[in-house]
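Asker: The structure's right below; bear with me while I get my questions together.
The values are calculated or read from the model by the stated rules, or taken from the named source; none is laboratory data. This is a predicted model, so every value here is computed, not measured. Cβ placement follows ideal geometry from the backbone for every residue including glycine, while neighbour counts extend to all protein chains displayed.
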Amino acid sequence: MARDQIGEIKEKIDIVALISSYVSLTKAGRHYKGLCPFHSEKTPSFIVSAELQIFKCFGCGESGDVFSFLEKYEGMEFYEALKFLAEKAGVKLERREAGIVSDKEKVYKINELASKFYQFLLLNHPVGKKALAYLTEKREINEKSLKTFMVGFAPQGRVLSEFLIKRKKLDVSDIEKTGLLISGRSGFFDRFGGRVIFPINDLRGNFIGLSGRILPEYDNGRMGKYINSPETIAYHKSSSLYGVNITKNDIRKAKCAIVTEGELDLISLWQRGITNVVAIKGSALTVEQGKILARMGNEVILALDSDWAGNEAAMRGIKAITETGVDIKVARFSKYKDPDEAARGDIAYFKRSLTKAYGVWDFVIGLAFESTEFQSGSGKSKLSRKIVPILSEISDKIVQDHYVRKVSEKLGVSEESVFEQIENYEKSKTVKSIENTTKKEVEEMRDILERRLLRIYINHDPKLILTGDIRELFKKPLHIQIIGEIEGYLKKNKKFEIMPFSRNLPTELFEGFSNIILTASAEKESLKDSKSIVLEIVKLELRDLQKLISKLEKTDDEKVKSEALEKYALLTKKYSALDLG
């Protein structure tokens, strides 16, 4: 199938129309612009090109086509996006491709069937009586919450395997793909036996996996309190958020997500009116989970367990979500061990802890002080080694000054000594020499200038690139290859058009070409700007030649020296029409 059908789907799906159903876009020159759905921002840096049928964010770097947009925004696998867009475009997929999608759908369906079966056992069968009493009496979960989150109970033994294999006549190989059963010497056993069941759904409500909490009467101390589905074609722990299918609209409305550790934390809060909440499937928030939350709001409050492990998890969560650009805060509720206990004990107190949530720097620095003795000289030294790297990461100098003042006051040392420590730390991080850094910066500047010049000519008059003097200015291999492709295209076509040109580009050149064309500043650039860019490129070349000539003064190689001087004079003469002063 493959590439032909994928290409057909891409041709029939308008990327601007697709993305507009998720993001508000406005026309900006040849492209469309909007706020990036993949990170928090106030100024639009997300560009969509109708010509190239791609998107790119110049803030966070996310880019791609219609397939990758759905993969990133909706959390779809490629073949889910393929099927979704094929249906939208009216393209019938070949059996092989459709079969891959149906494997995943089978996992969804079997997980859903198991979840409904387990809930029936909890609410309507004598076998679930003790589990129901545990949930409603000890954990204070009401019937509405149990039904909303489809909580169930898995008896020990072969109850589920018999239900799925004997009663529902499902294929064992399909059931094995879900991870619901464990194979033993005498057959299959239920993985979640003796546990309260919490179905795990994705954003669209698909049943991707299950989580099970051991019922106290079955806890022999050797079994984990919680177990999850193993990694499957549908379930990936690092990108799953419990309850998000139910709470996503409330998160979007509040533009804020409260993150808890466990399912019962989430349900207790939701039941008491705090509904913009999710639970992570693990000990700390991951980068993938952070990206999902960033698409729904601009603030995340970590409300993890109040013990040392919870604080450590908060630290890892902060690192994971910092790159998404959302505002991160940490709620602390030391009177209780976790949000579930706080919700049941004093929901008003917990709500106050949310409104008084600590900013990232307050939390991180406060935690460093709490975990280190700092009255003695050695204690102060040890604490400074923890805090100085944190202070160094604060890019806003006003904010940094604020925390330096707080730290110096608490340590009983001068602000100058703290700033000196920060300066020494930052110097120690500098590994590369200034000479190498300068060379790298010059290379990067050259690349930027060539890209801008190439983009201006492509957008306004591509034939100008092919003139000798201009063409010679391009030194980067990618740019030289693209110019060669433009030359070949114009030999066959009278008029240059970006869409047909880009479609015929070799795969290895398309991404580079797209990155050059798709930029937030393209609509502001005109052909007049090309003169100043040519000037800057020539100045860079002259600067390099001057450095070479200076080095050659110390050598006896007259031939090389003469060639360099001749090249310098020729370059100056060739572009003398420009102001090279």
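Asker: Please list, ordered by first then second residue, the pairs with beta carbon atoms under 6 Å, 6 or more apart or interchain, first in the range 452-479 and among the hydroxyl-bearing types (S, T, Y), second surrounded by 13 or more Cβ atoms within 10 Å (Cβ to Cβ).
Answerer: Pairs that qualify, where the first residue is among the hydroxyl-bearing types (S, T, Y) and the partner is surrounded by 13 or more Cβ atoms within 10 Å (Cβ to Cβ), are Y457/L464; Y457/I465.
Asker: Only one residue in A331, A314, A348, A342 is crowded, with 20+ Cβ neighbours inside 10 Å, free of Cβ contacts under 8 Å to residues at least 24 places away in the same chain and either β-branched (V, I, T) or not assigned by TED's automatic domain parsing to the domain that holds F38 (or both). Which one?
Answerer: Just one listed residue meets the conditions, A342.
Asker: With respect to the numbered conditions (1) in contact with a helix residue (DSSP H, G or I) (Cβ under 7 Å, 6 or more places away or on another chain); (2) free of Cβ contacts under 8 Å to residues at least 24 places away in the same chain; (3) not charged (D, E, K, R), which one is the sole condition not fulfilled by S68?
Answerer: With (1) in contact with a helix residue (DSSP H, G or I) (Cβ under 7 Å, 6 or more places away or on another chain); (2) free of Cβ contacts under 8 Å to residues at least 24 places away in the same chain; (3) not charged (D, E, K, R) applied to S68, the lone miss is (1).
Asker: How many residues does the range 262-277 hold that are surrounded by 24 or more Cβ atoms within 10 Å (Cβ to Cβ), closer than 20 Å to V330 by Cβ and not small (G, A, S)?
Answerer: Qualifying residue count for the region: 4.
Asker: With respect to Y489, is the statement that it is aromatic (F, W, Y), in the same structural domain as L453 (by TED's automatic domain parsing) and modelled with pLDDT under 80 true?
Answerer: The answer is no for Y489.
Asker: Another question, then. Only one of these is farther than 23 Å from I328 by Cβ and in contact with a Pro (Cβ under 9 Å, 6 or more places away or on another chain): K33, K56, K10. Name it. It would help to see each step written out before you state the result.
Answerer: Details: K56 fails: in contact with a Pro (Cβ under 9 Å, 6 or more places away or on another chain); K10 fails: in contact with a Pro (Cβ under 9 Å, 6 or more places away or on another chain).
The match here is K33.
Asker: Write out, first by first residue and then by second, each pair whose Cβ atoms fall under 7 Å of each other, whose residues are 6+ apart or on separate chains, and whose first residue, in the range 411-423, is outside the structural domain of S381 (by TED's automatic domain parsing) while the second is at pLDDT 90 or above.
Answerer: none
Asker: Hand me the list of helices (runs of 4 or more DSSP H) wholly inside the range 111-190 holding 3 or more residues that are in contact (Cβ under 8 Å) with a residue 24 or more places away in the chain and either among the β-branched types (V, I, T) or in contact with a helix residue (DSSP H, G or I) (Cβ under 9 Å, 6 or more places away or on another chain) (or both).
Answerer: In the range 111-190, the matching helices (runs of 4 or more DSSP H) lie at 143-148, 159-162.
Asker: While we're here: Does the range 41-50 contain any residue that is in contact with a His (Cβ under 7 Å, 6 or more places away or on another chain), under 15 Å from L518 (Cα atoms), outside the structural domain of I498 (by TED's automatic domain parsing) and not β-branched (V, I, T)?
Answerer: yes
Asker: For the structure I just gave you, tell me whether K440 is modelled with pLDDT under 90 and assigned by TED's automatic domain parsing to the domain that holds I465.
Answerer: yes
Asker: Just to confirm my filter: which helices (runs of 4 or more DSSP H) fall fully inside the range 329-411 and include at least 3 residues that are farther than 30 Å from N142 by Cβ?
Answerer: Working: elements: 339-355, 360-370, 377-393, 397-411.
Per the criteria, 360-370, 377-393, 397-411.
Asker: Does at least one position in the range 83-102 carry a residue that is in a helix (DSSP H, G or I), over 30 Å from the mean Cα position of the chain (by Cα) and crowded, with 17+ Cβ neighbours inside 10 Å?
Answerer: No: zero hits.
For (1) surrounded by 16 or more Cβ atoms within 10 Å (Cβ to Cβ); (2) in contact with a Ser or Thr (Cβ under 9 Å, 6 or more places away or on another chain); (3) among the small types (G, A, S), each residue gets a yes or a no:
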residue	(1), (2), (3)
I175	yes, yes, no
F192	yes, yes, no
I200	yes, yes, no
N206	yes, no, no
G209	yes, yes, yes
G224	no, no, yes
S229	yes, yes, yes
A234	yes, yes, yes
S238	no, yes, yes
